[in-house]
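Just so it is clear, none of the values below were taken in a lab; they were calculated from the coordinates. Nothing here was measured: the structure is a model prediction, and the numbers come from that model. Using ideal geometry, Cβ is built from the backbone for each residue, glycine included, and neighbour counts are taken over all protein chains shown.
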Amino acid sequence: MAPSSTATSLPVPVAPIPSIDALISRRAANRTFKHFAASITDGAPKNFKPHPKPLALSFGRPNAQYFPVKKITVEVDDYPFQDTLFKNEERSQKPVVIERYPEDSELLGTGEALQYGNIVGLPAFHKFLTNFVQRIHSPAYDDWEVTASNGAGEGLNKVADALIDPGDVVLFEEFTFSPFGNNVRNVGGIPVPVKIKFQKEEDDGISADIDVEYLSHLLENWDELKPELKGNKPKAFYTIPTCQNPTGLTQSPETRQKIYNLASLHNFIIIEDDPYGYLTLPPFAVPDVESLKKHDVSIDDYLQNHLVPSYLKFDTEGRVVRVETFSKVFAPGLRLGFVVGHRKIIDVIKKYSSIVTRAPSGPAQLLLLNIIDQKYGGIDGWLEWILKMRLAYTHRRNVLISSIVNSEAYKLGYIKVVSCDAGMFASLLVNFPQGTDNIQKINLLNYKLLQHGVAVVLGHKMAIDEDFSEGSSNFLRLSYACLDTDDELHEAGSRLSTAVKEFFDNGLEY
């Protein structure tokens, strides 16, 4: 999906590209790491030659023969919801068998995975991550690296440490994954919100996107618009570009190119948090299990026409740091993810890992990599699994949204669905009359929702600054990821719609 010719309509920089070093935090740049077993040949005599086959008495790691786990056998589903949505599909009964020392040297065994591991990930896992980035989102420059993390949350915390000094300004989408705000504040950063615009479409639907004009105007007139931060322009912009949490918006390639141009022009880093990016969905339709497979696509079609390009694809200067996780496409309990960025930024993240978290879980890497290698046959087979997840999410979204758009509350215009074409979230605008105190009324509506037995997230609970976003806080975040069955999803939408209608029929009172 190539960006259109309008993507570069904002000014692009003409000055020389500044050094990446200036964008790394002083804390991270000054951090050192020493280990008692490292560089033991430093200061060796001039004629010193190390033995080609040394016998190590220096390592404090146990021999793999001490590990009680010799072999692991894993049975793996061929489809998500394979006993319901895909109950008629052919399945493989072959288990994944993980040996202590696999005969295939390319496979990861328990003997290696249960041992102390590398900071960047075990060699086979790190190779997989590097190849995956090259296959899917290869940056537009050469000097990049990847390092494994203990999930996106931990990766984001390391990115905050690597980039943000006390007093540095970080731009946020006004509604966002608020825990990263805690990471930024923890290192002394100052969060500043950026407007998200909701607008009506021709089909009477609602779409959302970053308000790029607002962002451009803010950056061009920073000292006048933010006098309390005069002379302190933003160091970074944190964004969730696909299935934005909580609004569900997905930035177009044109929006991404424009924001990258602004980052280059005003010299800030883009922190791209993309846990849902691979789960792009076709447009909403009436749910129909029998015709679900018509939305299936080939891997090449998916990569070229359905997967929205990462900010890495626009990055020619090394100013994008991408944070990924396997939580949404495999399992959150693995606590496994990775960070992609300029080599100098990854270097300081690795130093932090050496001191704080050390290596990611070996068993988590072992399980994930062996399933991808043995069950799916590598990266393309892994993408096939993601495409199956895409179909399952498509159906579940259709079930939930269908129950809402067929309700009296929707037909009376009390609620509108914001277009949700990726991931696991949809947002629902509540059409309060002009001048309503959105936060006060949405809190009151929530009691009605809870009375009817449905739990949602209130939009303002994920605002960086509630006062800034009060006028846009008339929405609810819905997730179609967790409930077990279609009946439960349909019932949840029905309960929600009934509660909204009662609330409006009672004059916006409980």
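Worth a mention:
- Flag for SER354 being surrounded by fewer than 17 Cβ atoms within 10 Å (Cβ to Cβ), small (Gly, Ala, Ser) and touching a residue at least 40 places away in the same chain (Cβ under 8 Å): yes
- The criterion of at least 1 residues that are of a type in the set (Phe, Trp, Tyr) is met, among helices (runs of 4 or more DSSP H) falling completely within region 85-185, by 123-136.
- Test: LEU85 is crowded, with 17+ Cβ neighbours inside 10 Å and within 30 Å of VAL187 (Cα to Cα): no
- Residues of region 219-259 that turn out to be crowded, with 17+ Cβ neighbours inside 10 Å and either under 21 Å from SER473 (Cα atoms) or polar (S, T, N, Q) (or both), as a count: 17
- Only one of ILE259, ILE206, ILE269 that is touching a residue at least 12 places away in the same chain (Cβ under 8 Å) and closer than 22 Å to GLY153 by Cα: ILE269
- If you filter region 462-490 down to residues that are charged (D, E, K, R) and without any contact (Cβ under 8 Å) to a residue 12 or more places away in the chain, you find that the one that is farthest from PRO179 (Cα to Cα) is ASP487.
- Leading residue by the ranking (surrounded by the fewest Cβ atoms within 10 Å (Cβ to Cβ)) among those in region 260-314 that are aromatic (Phe, Trp, Tyr) and not in a helix (DSSP H, G or I): PHE284
- Residues (under 23 Å from ILE379 (Cβ atoms) and acidic (Asp, Glu)) located in region 144-178: GLU145
- The number of residues in region 315-337 being part of a loop (DSSP other than H, G, I, E, B) and in contact (Cβ under 8 Å) with a residue 24 or more places away in the chain comes to 12.
- Scanning region 372-396 for residues that are out of contact with any helix residue (DSSP H, G or I) (no Cβ under 9 Å at 6 or more places or on another chain) and closer than 27 Å to TYR480 by Cβ gives LYS388, MET389, TYR393.
- Subset of region 220-234 that is within 31 Å of the chain's Cα centre (by Cα) and basic (Lys, Arg) - its residue that is farthest from ASN267 (Cα to Cα): LYS226
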